[in-house]
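The structure under discussion appears below in the form of structure tokens.
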Amino acid sequence: MNFVGVMIVIKAKNSNEAWRNTFRALMDSGEDTGNDKYYRDEPVIIEITDPAPEKSDPLFPMSQEDLDVINHFITTGENEEQVVHEWTKIYYHRAFDEPNRQIEFMINKLREASPAGEAQVSMWDKNIDQNAEISPCTQILWARVKHGKLEWHTHAHSCDAYNKLLMNIQEFISLQYYVAKRLDIPVGTYYHFIDSCHIRVKNLAEVKQLLKLMSA
């Protein structure tokens, strides 16, 4: 892992390694925030070289059952009533709902012979989200075909490194696999860009206990 100013850059092989390394980097090298909401709060870039659907780290504070439901729902829309993360419901509907089904637009752009920068899904709807109680933290999903593989970029304005980060990475890797299958190409590198990757003050006791368990 490398540190450039206050930006944290993580390179990992898989999602679990990425979560652990990001979490540790925030705690070890993040700076004081000057507010009483976030204990740590830094911009983060994560590169995962071998993304794959996998069971979550047993220390992540969400059940495997809930994660499995989320990872299945994000590409199928099935069992929405069982999804415990309200933001995931937004992500699915913004990507898959008609009219102008964005996931199909992305896939069609990726099928073009020449690279197309417009191969994206935008999650923000100004007519709904500006004053909404729950609005999408993930802003844009972007992809390209590079060296015959599907490279994936997830851009988020914020993410809770303790409670949400591993879940977010895994659900969007699931979507990366869905699009790659539709294109009939292998999966390539996964990137996750976060403007505010944070640890909340209210979770500090649990966070410190998690660090002890990671070090055991």
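No lab work stands behind these numbers, since they all come straight from the coordinates. The model shown is predicted, which means the values in this text are computed figures rather than measured ones. Don't worry about glycine lacking a Cβ; one is built from the backbone with ideal geometry, like all the others, and counts go over all protein chains shown.
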Can you give me the distance in nm between label points at GLU47 and TRP124, each placed 7 Å from the Cα along the Cα-to-Cβ direction? 2.7
Give the angle, between 0 and 90 degrees and rounded to the nearest 10, that separates the Cα long axis of helix 204-215 from the longest principal axis of the Cα atoms of the chain. 80
Normalised by the residues of the stretch 67-190, what does the relative contact order come to in percent, with Cα pairs under 8 Å and at least six apart? 23
For the stretch 1-124, please report how many Lys pairs fall under 26 Å Cα to Cα, leaving out neighbours fewer than 8 apart on the same chain. 5
Report the longest stretch of the chain that contains none of the trypsin sites (Lys or Arg not before Pro) sitting in a DSSP loop with at most 15 other Cβ atoms within 10 Å. 112-216
Diffusion coefficient in µm²/s returned for the stretch 40-126 by Stokes-Einstein, Kirkwood Rh over C-alpha pairs, 4 °C and 1.567 mPa s, is 84
Enumerate the calculated ³J(HN,Hα) couplings along the stretch 139-151 in order (Karplus 6.51 cos²θ - 1.76 cosθ + 1.60, θ = phi - 60°), each rounded to whole Hz, writing x wherever the residue is Gly or Pro. 9, 9, 10, 9, 8, 8, 9, 10, 6, x, 10, 8, 8
Of (i) 0.94; (ii) 1.01; (iii) 1.22, which is the value of Cα Rg over 2.2 N^0.38 Å derived from the coordinates here? (ii)
Report, by chain and number, residues whose modeled amide H sits under 5 Å from the one on THR189, excluding near sequence neighbours (fewer than 5 apart, same chain). TRP152
Length added when fully stretched, HIS93-ASN131, from 0.36 nm per residue minus Cα-Cα: 11.8 nm
With the 8 Å Cα cutoff and a minimum separation of six or more residues, the chain has a relative contact order in percent of 26
Peptides 25-32, 43-50 ordered by average Cβ neighbours within 10 Å, highest first: 43-50, 25-32
For GLN82, placing the label point 7 angstrom along Cα-to-beta-carbon and taking the stretch 162-188, residues whose amide nitrogen sits under 20 Å are 167-168, 170-175, 178
Dividing the alpha-carbon Rg of the stretch 79-207 by 2.2 N^0.38 Å yields what? 1.11
If you take the beta carbon distance between ASN21 and GLU104 as r and set R0 to 25 Å, what does 1/(1 + (r/R0)^6) give as a FRET efficiency, to the nearest 0.05? 0.10
Quick one: what are the phi-derived ³J(HN,Hα) couplings along the stretch 108-116, Karplus 6.51/-1.76/1.60 with θ = phi - 60°, whole Hz, x for glycine and proline? 5, 5, 5, 7, 5, 5, 9, x, 10
Global form of the stretch 115-182, assessed from the alpha-carbon gyration tensor, a/c cut-off 1.5: oblate
